[in-house]
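S.K.: Below: one structure in structure tokens.
The values are calculated or read from the model by the stated rules, or taken from the named source; none is laboratory data. Nothing here was measured: the structure is a model prediction, and the numbers come from that model. Virtual Cβ from ideal backbone geometry, glycine too; neighbours counted across all protein chains shown. The area values use the complete protein model at the heavy-atom level, side chains included, leaving out ligands, DNA and RNA. Shrake-Rupley method; radii C 1.70, N 1.55, O 1.52, S 1.80 Å.
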Amino acid sequence: MDVRLHYRAYGAPQRDAQGIVRNAVLVMHGTGGTGAQFVAASFAGELFGPGQLLDATKYFIVLPDDIGHGKSSKPSDGLHAKFPQYGYLDMVEAEYRLLTELGVNHLRLVMGTSMGGMHTWMWGEEHPDMMDALMPLASLPTQIAGRNRAWRRVVIDAIKGDPEWKGGEYTAQPQSLRTAAEMLFLVGDNPVRRQKASPTLAAADQTLDAYVANYLRSNDANDVLYALSASRDYDPGPKLEKIAAPLLAINSADDLINPPELGILEREIVRVPRGRAVVIPLSDKTAGHGTHTLAAVWKPYLDELLKLSAR
């Protein structure tokens, strides 16, 4: 089947005397997201403006909607559960094909958040000579396991086990989509912010109900099922030594999906030849897993990486 990959782009590619693009930046979103999330003030407003680190008048910034997401090909377009099962390797290959179709033969920077962070590790392994720098955010360089796999399985099993799912051929969204919304709400922010926002039982219920209602309006059960299942082939661990470009991994200490107490990031980053890892402490500026899109929190580290990898 043909695959449609939607993207947003800002700026224009600039080539050196040898025809190599020197200013392209690839930014990849997380599970259930789209490239549109990076247009927000918390990201683009901190990075893409005049004089900012990724000034769109100087860089060629590409924000794809990955397979199964946004305006790219996805199960809800019509094939439903007949849509081909895709994995992260397929998604990275599609991102690569998109860039080559755009004439990009080199990347100044590869970065991504959550799932996009995981793709960033894979980019460094699959195309080690194609970029100057890598910045994975809110991710770990190991296969999905432990609690991270468990919460995904809760959603996957809820949808597949729901009689209303009808093997993917439902005409109305199955109630199990609520489980996906509730699990994402649970792991997406830190407990301190949740408690401050909802200090009473009634307030907590009201906040959760509003989040779920919004989620149900904008998501599809098959799309969610496929997106969560796609992580099954993610396992960068065996090839970390292949990453050649400087890599700076950014996580936050209040991330419930990638908690620092696992020690995985600190253990594995030493295998990356030019790798470094930073875990940002909990503060009133962090937002758990969602810190990945709050560029004001971590952009000083991006500045360091760009300076370190400058030609």
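S.K.: Within the range 205-219, can you find the residues that are among the hydrophobic types (A, V, I, L, M, F, W, C) and closer than 13 Å to GLY188 by Cβ?
M.R.: Let us first name the residues in the range 205-219 that are among the hydrophobic types (A, V, I, L, M, F, W, C), namely 208, 210, 212-213, 216.
LEU208, VAL212 - these are the residues of the range 205-219 that are among the hydrophobic types (A, V, I, L, M, F, W, C) and closer than 13 Å to GLY188 by Cβ.
Every residue, every condition in (1) crowded, with 21+ Cβ neighbours inside 10 Å; (2) not in a loop (DSSP other than H, G, I, E, B), yes or no:
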{"site": "LEU248", "(1), (2)": "yes, yes"}
{"site": "ASP255", "(1), (2)": "yes, no"}
{"site": "SER283", "(1), (2)": "no, no"}
{"site": "TRP298", "(1), (2)": "yes, yes"}
{"site": "LYS307", "(1), (2)": "no, yes"}
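S.K.: Additional query: Collect the residues in the range 206-229 that are more than 30 Å from LEU89 (Cα to Cα), among the aliphatic types (A, V, I, L, M) and open to solvent by 20 Å² or more (accessible area, probe 1.4 Å), keeping them in residue-number order. Outline the logic, then answer.
M.R.: The first filter runs over the range 206-229 and keeps only residues more than 30 Å from LEU89 (Cα to Cα), leaving 206-214.
This time we only want the ones that are among the aliphatic types (A, V, I, L, M), so: 208, 210, 212-213.
Those that are more than 30 Å from LEU89 (Cα to Cα), among the aliphatic types (A, V, I, L, M) and open to solvent by 20 Å² or more (accessible area, probe 1.4 Å): LEU208, ALA210, ALA213.
S.K.: Within the range 265-281, can you find the residues that are in a strand (DSSP E or B) and open to solvent by less than 20 Å² (accessible area, probe 1.4 Å)?
M.R.: Here is the first cut: in the range 265-281, the residues in a strand (DSSP E or B) are 275-280.
Of everything in the range 265-281, those that are in a strand (DSSP E or B) and open to solvent by less than 20 Å² (accessible area, probe 1.4 Å) turn out to be VAL278, ILE280.
S.K.: Scan the range 115-134 and give yes if some residue there is open to solvent by 10 Å² or more (accessible area, probe 1.4 Å), of a type in the set (Ser, Thr, Tyr) and touching a residue at least 12 places away in the same chain (Cβ under 8 Å), otherwise no.
M.R.: Among the residues of the range 115-134, not one is open to solvent by 10 Å² or more (accessible area, probe 1.4 Å), of a type in the set (Ser, Thr, Tyr) and touching a residue at least 12 places away in the same chain (Cβ under 8 Å), which makes the answer no.
S.K.: Only one of LEU98, LEU53, LEU5 is part of a loop (DSSP other than H, G, I, E, B), at pLDDT 95 or above and under 21 Å from PRO136 (Cα atoms). Can you tell me which? I'd like the intermediate steps shown before the answer.
M.R.: Numbers: LEU98 fails: part of a loop (DSSP other than H, G, I, E, B); LEU5 fails: under 21 Å from PRO136 (Cα atoms).
Selected residue: LEU53, the only one of LEU98, LEU53, LEU5 that is part of a loop (DSSP other than H, G, I, E, B), at pLDDT 95 or above and under 21 Å from PRO136 (Cα atoms).
S.K.: Please find, among LEU294, LEU262, the residue that is crowded, with 16+ Cβ neighbours inside 10 Å and either out of contact with any strand residue (DSSP E or B) (no Cβ under 9 Å at 6 or more places or on another chain) or of a type outside the set (D, E, K, R) (or both). I'd like the intermediate steps shown before the answer.
M.R.: Numbers: LEU262 fails: crowded, with 16+ Cβ neighbours inside 10 Å.
The unique qualifying residue is LEU294.
S.K.: Can I ask one more? Is the range 56-76 home to any residue that is within 28 Å of GLY288 (Cβ to Cβ), open to solvent by less than 20 Å² (accessible area, probe 1.4 Å) and part of a helix (DSSP H, G or I)?
M.R.: no
S.K.: Name the residues in the range 188-205 that are out of contact with any Gly (no Cβ under 8 Å at 6 or more places or on another chain), closer than 19 Å to HIS289 by Cβ and open to solvent by less than 30 Å² (accessible area, probe 1.4 Å), would you?
M.R.: Matches in the range 188-205: SER198 only.
S.K.: Here are some residues: GLY19, GLY45, GLY30, GLY11. Which one is over 28 Å from GLY87 (Cβ atoms) and in contact with a Ser or Thr (Cβ under 9 Å, 6 or more places away or on another chain)? Step through it out loud before you land on a result.
M.R.: On the way: GLY19 fails: in contact with a Ser or Thr (Cβ under 9 Å, 6 or more places away or on another chain); GLY45 fails: in contact with a Ser or Thr (Cβ under 9 Å, 6 or more places away or on another chain); GLY30 fails: over 28 Å from GLY87 (Cβ atoms).
Going through GLY19, GLY45, GLY30, GLY11 in turn, just one is over 28 Å from GLY87 (Cβ atoms) and in contact with a Ser or Thr (Cβ under 9 Å, 6 or more places away or on another chain): GLY11.
S.K.: Looking at (1) of a type in the set (D, E, K, R); (2) in contact with a Ser or Thr (Cβ under 9 Å, 6 or more places away or on another chain); (3) closer than 17 Å to ARG153 by Cα, find the lone condition where ARG178 falls short.
M.R.: Of the numbered conditions (1) of a type in the set (D, E, K, R); (2) in contact with a Ser or Thr (Cβ under 9 Å, 6 or more places away or on another chain); (3) closer than 17 Å to ARG153 by Cα, the odd one out for ARG178 is (2).
S.K.: May I pose another question? Could you say whether any residue in the range 302-309 is without any contact (Cβ under 8 Å) to a residue 12 or more places away in the chain and out of contact with any helix residue (DSSP H, G or I) (no Cβ under 9 Å at 6 or more places or on another chain)? Can you show your working first?
M.R.: As a first pass, look at the range 302-309 and keep what is without any contact (Cβ under 8 Å) to a residue 12 or more places away in the chain: 307.
Then keep just the ones that are out of contact with any helix residue (DSSP H, G or I) (no Cβ under 9 Å at 6 or more places or on another chain); that gives 307.
Yes, the range 302-309 contains at least one residue that is without any contact (Cβ under 8 Å) to a residue 12 or more places away in the chain and out of contact with any helix residue (DSSP H, G or I) (no Cβ under 9 Å at 6 or more places or on another chain).
S.K.: Looking only at the range 3-32, filter to residues that are more than 17 Å from GLY112 (Cβ to Cβ) and in contact (Cβ under 8 Å) with a residue 60 or more places away in the chain; which one of those is surrounded by the most Cβ atoms within 10 Å (Cβ to Cβ)?
M.R.: Applying the first criterion (more than 17 Å from GLY112 (Cβ to Cβ)) to the range 3-32 yields 3-4, 11-23.
Remaining after also requiring in contact (Cβ under 8 Å) with a residue 60 or more places away in the chain: 3-4, 13, 19-23.
Values: VAL3: 13, ARG4: 12, PRO13: 18, GLY19: 9, ILE20: 11, VAL21: 18, ARG22: 16, ASN23: 21.
Only one residue tops the list, namely ASN23.
S.K.: Taking into account only those residues within the range 14-41 that are of a type in the set (Val, Ile, Thr) and in contact with a strand residue (DSSP E or B) (Cβ under 8 Å, 6 or more places away or on another chain), which is farthest from LEU216 (Cα to Cα)? Let's see the steps before the verdict.
M.R.: Going through the range 14-41, the residues of a type in the set (Val, Ile, Thr) turn out to be 20-21, 25, 27, 31, 34, 39.
Imposing the further condition that a residue be in contact with a strand residue (DSSP E or B) (Cβ under 8 Å, 6 or more places away or on another chain) reduces the set to 21, 25, 27, 39.
On the way: VAL21: 41, VAL25: 32, VAL27: 26, VAL39: 23 Å.
Here the answer is VAL21.
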